[in-house]
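Asks: Okay, here's the structure, questions in a sec.
The values are calculated or read from the model by the stated rules, or taken from the named source; none is laboratory data. Because the structure is a prediction, the values reported are computed rather than measured. Reconstructed Cβ throughout: ideal geometry from the backbone, glycine too, with neighbour counts over all protein chains shown. Surface areas here come from the heavy atoms of the whole protein model, side chains and all, with no ligands, DNA or RNA. Shrake-Rupley method; radii C 1.70, N 1.55, O 1.52, S 1.80 Å.
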Amino acid sequence: MKERISKYLQEVENFKGESLEQLEDFRIRFMSKKGLIPALFADFRNVPNEEKKEVGQQINMLKNAILEKMSSLKDKLTSSDEKTRDTIDLTLPVDSQVGTRHPLSIVRNEIIDIFSRIGFSVSEGPEIEDDFHNFTALNFPPNHPARDTQDTFFIETDPDILLRTHTSSVQIRVMQNSKPPIRTLLPGRVFRNEAISARAHCIFHQVEGLAVDTDISFADLKHTLYYFAKEMFDKETKVRFRPSYFPFTEPSAEMDISCNICGGKGCNICKYTGWVEILGCGMVDPNVFDNCGIDNQKYTGYAFGMGIERITMLKYQINDLRLFFENDIRFLKQFESL
Ligand code: DAH
């Protein structure tokens with residue numbers, strides 16, 4: 001009997017009671033009608049008289065230890081339950097991500113902002129185009145090799161329909177639908193059948209610029225782009241023009257800026273030349289005016305086109321174009337404050 005009691009006492013002392021369910025099991029084991037304590041009292045009758053006093057005290061001690069344990073555990077478990085309930089503040093906002101602007105949108109908006117300060121509006125055109133607007137009207141003759149440089153996605157059932165390869169197609173739509181003077185920006189997505197890599201993607205974004213009026217010269221084009229480069233990067237940015245070829249402009253040029261990563265000293269971004277190309281431009285070819293019903297004797301104009309990904313990569317020193325399309329929150333979060 002005494003051994004049983006001290007074994008139970010040990011068990012009571014060791015009992016941890018991690019939950020209200022465990023505590024209830026404990027109560028049933030010892031205190032219920034068929035539990036161990038009533039069983040001890042039942043057996044007490046058979047204890048020899050001279051031991052009754054001692055054994056009786058021990059059973060009472062055990063019973064008290066059980067009651068104490070139960071009450072202290074109960075306090076602890078219910079109050080920790082209440083405590084967690086108290087710490088839930090129902091007025092707190094849910095733990096969610098606050099949306100951020102995509103870096104390409106940030107830069108597109110900045111480009112629009114810079115040009116809108118000097119009088120440019122914004123126009124848009126369709127992503128699914130026809131051959132006329134994407135090529136023919138832009139002075140790409142049928143079967144001209146310049147078409148091959150564009151890696152075009154055609155619609156299989158109709159070779160006349162394609163995904164626009166550049167935003168220059170929107171120049172045509174604007175000139176068909178409005179009269180000079182024109183001074184507008186044409187931002188949008190463009191598509192080319194290129195293998196995806198750190199430097200190329202089959203979808204990317206361009207902003208095109210177009211100005212048409214009675215006395216627009218190459219000097220206007222240069223001055224506008226000088227202004228743009230200094231606003232977009234910084235005032236120290238140097239600019240140079242190199243002669244180039246585009247079917248829809250004559251003369252044509254490409255514009256480089258002094259590498260904003262190394263400041264022109266030479267690094268792997270500028271391939272140690274100190275210069276990076278950021279756009280193509282030129283004077284609108286008279287044939288293009290003709291194709292859009294604009295009098296090429298009366299009007300002149302300039303156009304330019306740039307890749308938004310490229311400008312963004314230079315501005316924020318991003319070295320892999322694929323990052324723009326993965327939507328990895330760790331990447332996007334870095335533009336939170338912009
Ligand atoms: N469309 C050309 C391209 O995608 C970029 C371009 C070059 C646009 C010269 C122009 C321009 O308006 O004048 O490579």
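Asks: Out of the residues in segment 190-227 that are basic (Lys, Arg) and within 31 Å of the chain's Cα centre (by Cα), state the one that is nearest to the ligand (Cβ to nearest atom).
Replies: Quick first cut of segment 190-227, residues basic (Lys, Arg) only: 192, 199, 222.
Of the ones still in play, those that are also within 31 Å of the chain's Cα centre (by Cα) are 192, 199.
Values: Arg192: 9, Arg199: 15 Å.
Once the filter is applied, the top-ranked residue is Arg192.
Asks: Of everything in segment 231-241 that's modelled with pLDDT under 95 and closer than 14 Å to Leu314 by Cα, which residue is nearest to the chain's Cα centre (by Cα)?
Replies: My answer is Phe233.
Asks: Is one or more of the residues making up segment 100-108 closer than 21 Å to Met283 by Cβ, in contact with a Ser or Thr (Cβ under 9 Å, 6 or more places away or on another chain) and of a type in the set (S, T, N, Q)? Give the derivation first.
Replies: Filtering segment 100-108 for residues closer than 21 Å to Met283 by Cβ gives none.
Looking through segment 100-108, none of the residues is closer than 21 Å to Met283 by Cβ, in contact with a Ser or Thr (Cβ under 9 Å, 6 or more places away or on another chain) and of a type in the set (S, T, N, Q).
Asks: Just one of the numbered conditions (1) without any contact (Cβ under 8 Å) to a residue 60 or more places away in the chain; (2) in the same structural domain as Leu186 (by TED's automatic domain parsing); (3) open to solvent by 40 Å² or more (accessible area, probe 1.4 Å); (4) within 25 Å of Glu326 (Cβ to Cβ) is not true of Thr165; which one?
Replies: (3)
Asks: In segment 173-186, what residues are more than 11 Å from the ligand (Cβ to nearest atom), open to solvent by less than 10 Å² (accessible area, probe 1.4 Å) and closer than 20 Å to Asp130 by Cα?
Replies: If the condition is that a residue be more than 11 Å from the ligand (Cβ to nearest atom), open to solvent by less than 10 Å² (accessible area, probe 1.4 Å) and closer than 20 Å to Asp130 by Cα, then Met175 is the only one that fits.
Residue-wise test of (1) part of a helix (DSSP H, G or I); (2) touching a residue at least 12 places away in the same chain (Cβ under 8 Å).
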| position | (1), (2) |
| --- | --- |
| Leu23 | yes, yes |
| Phe26 | yes, yes |
| Arg29 | yes, no |
| Glu50 | yes, no |
| Gln57 | yes, no |
| Asn60 | yes, no |
| Thr100 | no, yes |
| Val107 | yes, yes |
| Ile111 | yes, yes |
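Asks: Quick test of your reading of the structure: Ile118 fulfils all but one of (1) closer than 30 Å to His223 by Cβ; (2) open to solvent by less than 60 Å² (accessible area, probe 1.4 Å). Name the failing condition by number.
Replies: (2)
Asks: To continue, here is another question. Tally up the residues in segment 272-308 that are aromatic (Phe, Trp, Tyr) and touching a residue at least 40 places away in the same chain (Cβ under 8 Å), please. Working first, answer last.
Replies: Step one: filter segment 272-308 for residues aromatic (Phe, Trp, Tyr), giving 272, 275, 289, 299, 302, 304.
Right, trim to touching a residue at least 40 places away in the same chain (Cβ under 8 Å) and you get 289, 299, 302, 304.
Here the count works out to 4.
Asks: Restricting the search to segment 123-147, which residues are under 33 Å from the mean Cα position of the chain (by Cα) and away from the ligand (no atom under 12 Å from the Cβ)?
Replies: Ser123, Glu124, Gly125, Pro126, Glu127, Ile128, Glu129, Asp130, His133
Asks: A further question on this structure: Does Asn46 meet the test of being in a helix (DSSP H, G or I) and on the phi < 0 side of the Ramachandran plot? Lay out the reasoning, then the answer.
Replies: On the way: in a helix (DSSP H, G or I): no; on the phi < 0 side of the Ramachandran plot: yes.
It is false that Asn46 is in a helix (DSSP H, G or I) and on the phi < 0 side of the Ramachandran plot.
Asks: Separate question: Pairs please, first residue from segment 243-264 and under 22 Å from Arg147 (Cβ atoms), second anywhere and open to solvent by 50 Å² or more (accessible area, probe 1.4 Å) and among the charged types (D, E, K, R), Cβ atoms under 7 Å, 6+ apart in sequence or on different chains.
Replies: Taking only residues 6 or more apart or on different chains, the pairs are Ala253/Arg242; Glu254/Arg242; Glu254/Glu277.
Asks: Being touching a residue at least 24 places away in the same chain (Cβ under 8 Å), out of contact with any Gly (no Cβ under 7 Å at 6 or more places or on another chain), in a strand (DSSP E or B) and at negative phi, is that true of even one residue in segment 129-151?
Replies: Yes, some residue in segment 129-151 is touching a residue at least 24 places away in the same chain (Cβ under 8 Å), out of contact with any Gly (no Cβ under 7 Å at 6 or more places or on another chain), in a strand (DSSP E or B) and at negative phi.
Asks: Residues that are buried (at least 16 other Cβ atoms within 10 Å of the Cβ) and outside the structural domain of Ile172 (by TED's automatic domain parsing): which strands (runs of 3 or more DSSP E) entirely in segment 190-288 hold 3 or more of them? Spell out the reasoning first.
Replies: Numbers: elements: 203-213, 239-246, 249-258, 275-284.
Strands (runs of 3 or more DSSP E) meeting the threshold: none at all.
Asks: Quick test for you: out of Leu332, Leu338, Leu321, pick the one residue that is at pLDDT below 95, out of contact with any strand residue (DSSP E or B) (no Cβ under 7 Å at 6 or more places or on another chain) and within 16 Å of the ligand (Cβ to nearest atom). Talk me through it step by step, then tell me what you get.
Replies: Details: Leu332 fails: within 16 Å of the ligand (Cβ to nearest atom); Leu338 fails: within 16 Å of the ligand (Cβ to nearest atom).
Of the residues listed, the single one that is at pLDDT below 95, out of contact with any strand residue (DSSP E or B) (no Cβ under 7 Å at 6 or more places or on another chain) and within 16 Å of the ligand (Cβ to nearest atom) is Leu321.
Asks: To continue, here is another question. Does segment 283-306 contain at least one residue that is under 24 Å from the mean Cα position of the chain (by Cα) and within 23 Å of Phe140 (Cβ to Cβ)?
Replies: Yes: one or more hits.
Asks: Can you say whether Thr152 is within 13 Å of the ligand (Cβ to nearest atom), open to solvent by less than 10 Å² (accessible area, probe 1.4 Å) and among the hydroxyl-bearing types (Ser, Thr, Tyr), as far as the supplied structure shows?
Replies: Numbers: within 13 Å of the ligand (Cβ to nearest atom): yes; open to solvent by less than 10 Å² (accessible area, probe 1.4 Å): no; among the hydroxyl-bearing types (Ser, Thr, Tyr): yes.
For Thr152, the condition - within 13 Å of the ligand (Cβ to nearest atom), open to solvent by less than 10 Å² (accessible area, probe 1.4 Å) and among the hydroxyl-bearing types (Ser, Thr, Tyr) - is not met.
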